[in-house]
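Step one of this worksheet: look at the structure below.
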Amino acid sequence: MEREKFSSRLGFILISAGCAIGLGNVWRFPYIVGKYGGAAFVLIYLAFLLVLGLPIVVMEFSVGRASKKSAALSFDVLEPKGSKWHLTKYIAMAGNYMLMMFYTTVAGWMVLYFLKMLKGDFTGLDAEATAREFDNMLANPAVMTLFMVIIVLICFAICAQGLVAGVERITKGMMLLLFVLLLVLAVHSVFLEGGAPGLEFYLKPDFGKMREAGLGEAVFAAMGQSFFTLSIGIGALAIFGSYIGREKRLTGEAISIALLDTMVAFMSGLIIFPACFAYEIEPASGPSLIFITLPNVFNHMAGGRLWGALFFIFMAFAALSTVIAVFQNIISFATDLTGCSVKKAVFWNIIAIILLSMPCVLGFNVWSGFQPLGPGTTIQDLEDFILSNNLLPIGSVLYLLFCTSRYGWGFKNFLKEANEGDGLPFPAWARVYVSYILPLIVLFIFIEGYLG
C-alpha cells in the first residue's frame, strides 16, 4: 500500500511544529528567560537552537524521508548490511511511549481547567484556595483518569481518520486557532494597566542578572532548553519526514518549525509576565505557574473568567497537537512492524496507552508514597527524567552518528537527501561539526543532566 503524503507544505510545517510546541514552551521557557536576564538569554538560546537543535531536526527528517518509514523501520531500511543500527528503534519507540505515559495526563488537566474556568470555579478564590483546587484534582484519581481517557480517545479517533483527513485537517485548524489565541492573549496582556514593568523584566536585556545567576548556569540553561524544546532524538519528527515529497530541502523546513516553536514560547512570556506584574503576583515555574499562579492572576483581572478560559483552551491545543503527532508515530510503529491496519493499531494502542498512563495518575494519590527521585517527587518525575535526561540525548547522539559515520548511513547520503529540492541547503562544510563536535556537546548535556 502506498504511503500517505501531506496534502500541503503548510500541513507538514504546522503538524511538525505542533509536535515540538508543547507545555514546556509555556511553563518553563518564560520563567527561565526572566531568571537569566530577559532578552539577553533569548539571544543565547536562539544561537544554541540553530547550532544544536536544528541539525538533528534535519537529520530526523532526512532519515524519515529517505526510508519512507517510521523510526520502527527507518534504520533497518537505511543501515549498511550486517550492522546493528536497527537496534536504535527500541530507544525511539520507548521514548514516544514514555512521553505519552505522562503527557496524556497533563493534557487532561488542561481540558479540565478549561471547563473549570468556563464554569467560574475559581471566581472569588484567594491564592490559597486556588492552590487547594489543584491539590484536590491531584488527589482524585477518578477525575484524572476520566480526563486522561478522554484525551486518549479523542486523539486516537483523529489519527484513525488517516494522515490527511484526520491528523492534517484537525491539527492545521487547531494550530491556526492556537496562534490566533496566542496573539489575542498576548495583546491583551501587553496593554494591561501596570504591566509595563513585566514587559521590561522580560524584554530588556540584563547581563547583570545573567552574571548574578551565574553566566555558566545561564549558558547551560539556554543550551538545555534549545535541545529539549524540539523533542529530538526519538523519531517523533522523523515520521513526518516520511510523509513529504522531495520538492523542498529540509534545512529550510526545519528552520520554519524551530521558529514557530520559539515564537510560541516567547509570546507565552508576553502573556504571563505583564499579567503577573500588573497584579503583583510572583511568577513561578512548572505546573504551579499554570494551575496556581495564572488562575490567581485571572481572578484579579476584569473579565478574567473569559481570559482564563481562552488561556486554557490555548494550552489544551498545545497539548493536543503534541499528543496527536506522537500518536501518529505510535500507530506507524505498529503498521510498519506488523503490517496491520490503522484501525487495528489504534484499537490496541488505546488500551496500551491508557494502561501505561495509569502509574502517572496514581503517582499523585494512591501511590504517592513512592517517591523515586527523592522526597516530594512522583512517578511523573521519574518518567520525565527517563525521557528528558536519557532517551532524548542518547537518541540524538545515535541519529548524529548514523547520519555522519561511514559505518552508518553516512554523511554523503544524508547530505544528498537533506538537499534534495529547492530552498536553503544543509552546508557540506558543517561535516566536522556535526560528526565530532555536536555529539560531544549532546553527551555533555547528558552527563550534566546527572551531575546537575
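Only one of (1) surrounded by fewer than 22 Cβ atoms within 10 Å (Cβ to Cβ); (2) farther than 20 Å from residue 16 by Cα; (3) among the small types (Gly, Ala, Ser) is not met by residue 256, so which one is it?
Exception for residue 256: condition (2).
Take the residues of region 411-432 that are without any contact (Cβ under 8 Å) to a residue 60 or more places away in the chain and not β-branched (Val, Ile, Thr): which is most open to solvent (accessible area, probe 1.4 Å)?
For region 411-432, the residue satisfying everything is 429.
For region 291-302, which positions are closer than 16 Å to residue 186 by Cβ and either among the small types (Gly, Ala, Ser) or surrounded by 21 or more Cβ atoms within 10 Å (Cβ to Cβ) (or both)?
Listed by number, the residues that qualify are 294, 297, 298.
Can you tell me which residue is most open to solvent (accessible area, probe 1.4 Å) among those in region 387-410 that are farther than 30 Å from residue 450 by Cα and modelled with pLDDT of 95 or more?
Only one residue tops the list, namely 409.
Being small (Gly, Ala, Ser) and over 15 Å from residue 367 (Cα atoms) is the filter; apply it to region 123-139 and report the residue that is surrounded by the fewest Cβ atoms within 10 Å (Cβ to Cβ).
Filtering first and then ranking leaves 124.
Working carefully through the options 192, 178, find the one that is surrounded by 15 or more Cβ atoms within 10 Å (Cβ to Cβ), out of contact with any Leu (no Cβ under 6 Å at 6 or more places or on another chain), hydrophobic (A, V, I, L, M, F, W, C) and outside any helix (DSSP H, G or I).
Exactly one residue qualifies, and that residue is 192.
Kindly establish whether residue 264 is in contact (Cβ under 8 Å) with a residue 24 or more places away in the chain, under 24 Å from the mean Cα position of the chain (by Cα), assigned to a helix (DSSP H, G or I) and farther than 25 Å from residue 443 by Cβ.
Yes.
Which of the numbered conditions does residue 219 fail, given that it passes all the others? Conditions: (1) at pLDDT below 90; (2) under 24 Å from the mean Cα position of the chain (by Cα); (3) surrounded by 18 or more Cβ atoms within 10 Å (Cβ to Cβ).
Unmet condition: (3).
Limited to region 14-35, what total is found for residues that are open to solvent by 20 Å² or more (accessible area, probe 1.4 Å) and either at pLDDT 85 or above or not aromatic (Phe, Trp, Tyr) (or both)?
Within region 14-35, residues that are open to solvent by 20 Å² or more (accessible area, probe 1.4 Å) and either at pLDDT 85 or above or not aromatic (Phe, Trp, Tyr) (or both) number 3.
Taking the stated definitions as given, is residue 382 surrounded by 18 or more Cβ atoms within 10 Å (Cβ to Cβ), at pLDDT below 95 and part of a helix (DSSP H, G or I)?
For residue 382, the condition - surrounded by 18 or more Cβ atoms within 10 Å (Cβ to Cβ), at pLDDT below 95 and part of a helix (DSSP H, G or I) - is not met.
The values are calculated or read from the model by the stated rules, or taken from the named source; none is laboratory data. Fair warning: this is a prediction, and the values are worked out from it, not measured in the lab. Quick reminder, even Gly has a Cβ in these numbers, built from the backbone with ideal geometry, and neighbours come from all protein chains shown. What goes into the accessible areas is simple: the full protein's heavy atoms, side chains included, and nothing from ligands, DNA or RNA. Shrake-Rupley method; radii C 1.70, N 1.55, O 1.52, S 1.80 Å.
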